[in-house]
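Bear in mind these aren't lab numbers, they're just calculated from the coordinates by the rules spelled out. This is a predicted model, so every value here is computed, not measured. Cβ: placed from backbone, ideal geometry, glycine included. Neighbour counts: every protein chain shown.
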């Protein structure tokens, strides 16, 4: 049998095509820069196509005044008083401190208050003024008072299956009918590598942009990507979008996460955002993160003004996109890691599939931020 064909059992290298192979270790090392999200996240097994993500939130530190407050008023109406308690101290834009002296009325979103606390002076406040929660004060012996319970929210997530078929047959299967490099890879090897690239790109892209579809109502379940999971800090129309600055980036990502109790330590950036950093005069510095087992240098960057935040270029993020992540609260849940599933030989065709199944998991969505809608950078 001519060695120019990859069919039948000729060599060990050909025989391996019939063996089902789990190749996550390969993809993790080969696509570490092209698909940094699905290759660098920790992987945790999941048994069901559907699973739940739990979001727990800290007490918000700001309230918005709904009705104007006169200097002599003893009650105030805010947008949400459900997380206030007796003894809480709030600060108005004028600097006045007010103290909550009765359990909040959750029906009317009002609280009874003591004015001019902590030696401050009572002053009027306007609708939509922002009040800041300073903190709670108690005697230590108070009983029979309502407290708060920040109820966790449960979000449904669905594992998505990615499948890329590969088939080589006819004249294409002959090495003489296929332009091959000097390393001697067969047409089947090339077709499988192309399909694997497409599989990884699909995994990465849907982990960003998937909107989710329940397997109970759709034959092909689809995962919710980061953009869908992040709702509290989703910024799609940023201030100064046409002349975006470094301070704007911090405002729309890191500050938002930290205000909600997050500790972001990673920024995924679209490729053109790396140019933006140079425009700001903060050219990134590449950190030596070593190489994969295939000798692929692992790209990791830092910028001095971001103080220890790890920057990772994510080529499959759309232009002008940045994602801030609290890395300890994001992972990839897998039912099936990437694997090659050979179908065998049918007639003159050698067939198989690349298959993977999983979904990204993002705990405490308010600890992360998604930024898009920037149209230009300015120094």
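Remarks
- Theoretical gain in end-to-end length, residue 279 to residue 294 [0.36 nm per residue, Cα-Cα removed]: 2.0 nm
- The label point for residue 247 and the one for residue 121, both projected 7 Å from the Cα toward the Cβ, are 2.9 nm apart.
- Its residue count N fixes a reference of 2.2 N^0.38 Å for the chain, and the Cα radius of gyration divided by that reference is 1.32.
- Top of 141, 283, 71 by mean-square fluctuation, Gaussian network on the chain, Cα under 10 Å: 141
- Approximate spin-label separation residue 345-residue 240, in nm, with each point projected 7 Å along Cα-to-Cβ: 6.6 nm
- Neighbour counts of C-beta atoms inside 10 Å place 288, 248 in the sequence 288, 248, starting with the fewest.
- For the range 334-379 versus the range 21-68, the gap between their alpha-carbon centres in whole angstrom: 13 Å
- Legend: ranking of residues 30, 370 from fewest to most surrounding C-beta atoms inside 10 Å; resulting order 30, 370.
- One decimal place: the segment residue 150-residue 74 gains 24.7 nm when fully extended, by the rule 0.36 nm per residue minus the C-alpha distance.
- Here, the range 62-136 has an Rg and a Dmax of 10.6, 31 Å when only alpha carbons are counted.
- A simple spin-label model places the labels of residue 24 and residue 142 5.0 nm from each other, with each point 7 Å out along Cα-to-Cβ.
- The Stokes-Einstein estimate for the range 210-254, based on a Kirkwood radius over Cα pairs and taken at 10 °C with 1.306 mPa s viscosity, is a diffusion coefficient of 124 µm²/s.
- For the chain, calculated [θ]222 nm from helices alone, where every DSSP H run of n ≥ 4 adds -39500 (n - 2.57): -4500 deg cm²/dmol
- Which of 96, 255 has the fewest Cβ neighbours within 10 Å, and the rest in rising order: 255, 96
- Cα centroid separation, the range 192-238 to the range 117-148: 43 Å.
- Potential extension, residue 265-residue 209 segment - 0.36 nm per residue separation minus Cα distance: 18.0 nm
- The range 265-333: C-alpha pair distances exceeding 15 Å, %: 57 percent
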